[in-house]
Amino acid sequence: MALLRRLFARRRPGVQAASAACAASQAAAGTAPEPGRPSVRQRHYLEDVPYLLPKDPLEDQRLNYQHHALYRTLSNHYLAPLTAESTRTILDVGTGTGIWAFEMHALFPHALIVGVDVSLQSLPQPVPPTCLFVRANVLEGLPFPDGQFTYTHQRLLVAAIPARSWPGVVQELVRVTRPGGWIELLELSDVIQPAGPATRRLLDWFVGISRQLGFEMEVLRRLGELLQQAGCVDVTSQDIPVPLGRWAGAAGQLLLTDVLHGLDALKDAYCARTSTPPEVVETMLREAAQEWERLQARYVFHAAYGRRPQP
C-alpha cells in the first residue's frame, strides 16, 4: 500500500476517501439496465457547486444508461492507445456512479484506479481493493501531487464546468498525469444529425440558457485544442455519432432515455430561471423525440486525447 500512502500524502484537508476489500463489483458486469421513465418530480440538487443537473437515484440511473449507450457504440471504455503493461495508475475525474472505474478495473485488474467526484453518495459498496474514491472538486484543484497517473480520464462534465474554467481544468488534468501518460476527454455536444425544426428549436432553447448561465457548448468543440494549449502532444480529436431513438434498437433506446431524462432534469432548473412554462419545453421534447425516430437521428459526442510530453 506504499503507492496509496504516497498518492495521498499531500491531499488537501476535507478530502474524503472511500475504499473496501472486495474482489469484484456488481457494476463491472457490464449488463445494460432496462430504460424507464422517471415519475418523481422532486429532485435533489447539490449546493455550493456550479452543477446544473440533480444528484439523486434518477440521475444515477441516467448516467448508467449513458455509459452503456457509449459502450455499445465504441465497444470499449477508452480511446487512447493504452497498454496493460504501462497503465498502472488511472484517474477518473467526475466518476459519478463509478461504473466506468469499475469496468476499467475488470480490464486493468493490476492498476490502481482512483475516482474523483464532488459527492460519493452514488457509489455502490463494496468496491474492489484496487479502486479508491475521493471527494474533491476539480474546479478547486485535484488533491494529488504532480505526475501521479499514467492515464487521466474525464468525461461528461459540461454541466459542471463553466466555460471560463475549461483551460484551467485541462491544465490540472495534465499536471497530475505522468510524463508520457495519456489524458482523455469526452463530452456532450449541441449536435443532433439530422436535425428537423423541432430539434433545432429545442437545442436553441437549451443552449441559449446554458450560455446565459456561463456553460458554453462551443468550448467542447475545442477539446483537442485545449489539450494542445496545456502542452500535450500526439493529440487526436474525433466526433462520435451515437444512434438516438428506438429505431436503433437497444443502444438507441438507452441514449434516448439518457437524453430525454437529462433534458427533462435541465428543464426544471432552466424554467425556474426564465419565464418559459414547463409545458412548452415538454412539448418541444416530445416533438423532437418524434423527429429523432422519423429521421433516424444520431447524437454527436466530442472526444480528444493527448499525451503529456516527456521532459
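Details
- Extended-chain gain in nm, criterion 0.36 nm per residue less alpha-carbon gap, E216 and S119: 32.6 nm
- Applying the Karplus relation 6.51 cos²θ - 1.76 cosθ + 1.60 with θ = phi - 60° to region 276-282 yields 3J(HN,Hα) values of 6, x, x, 5, 5, 5, 4 Hz, where x marks Gly and Pro.
- Net +/- balance of residues flanking G181 in space, Cβ distance below 12 Å, scoring K and R +1, D and E -1: +2
- Rg and Dmax, both from the Cα atoms of region 127-189 and both in Å, are 12.3, 37.
- Model label sites at H110 and S86, defined 7 Å from Cα along the beta-carbon direction, differ in position by 1.6 nm.
- Spin-label pair R286-Q229: with each label point 7 Å from Cα along the Cα-Cβ axis, the two points sit 4.2 nm from one another.
- Vicinal HN-Hα couplings computed from phi for region 305-311 (Karplus, 6.51 cos²θ - 1.76 cosθ + 1.60; Hz; Gly/Pro x): 9, x, 10, 6, x, 6, x
- The phi torsions of region 243-259, fed into the Karplus equation with coefficients 6.51, -1.76 and 1.60 and a -60° offset, translate into couplings of x, 10, x, 5, 4, 9, x, 4, 5, x, 5, 4, 5, 4, 4, 4, 5 Hz, rounded to whole numbers, with Gly and Pro shown as x.
- Close amide H pairs (under 5 Å, H built 1.01 Å from N) link V242 with Y299, V300, F301, residues at least 5 positions away or on another chain.
- Annotation: amide H-H contacts under 5 Å for T95 (H modelled 1.01 Å from N, sequence separation of 5 or more, or interchain): V116, D117.
- Cα-based shape type of region 213-302, given that a ≥ b ≥ c are square roots of the gyration tensor eigenvalues and the cut on a/c is 1.5: oblate
- Net charge of Cβ neighbours under 9 Å - reference L220; Lys, Arg +1; Asp, Glu -1: -2
Read the figures in this text as sums done on the coordinates, not as results from a lab. Just so you know, these numbers come straight off a predicted model, no measurement behind them. Neighbour counts are summed over all protein chains in view; Cβ atoms, including those assigned to glycine, are modelled from backbone coordinates with ideal geometry.
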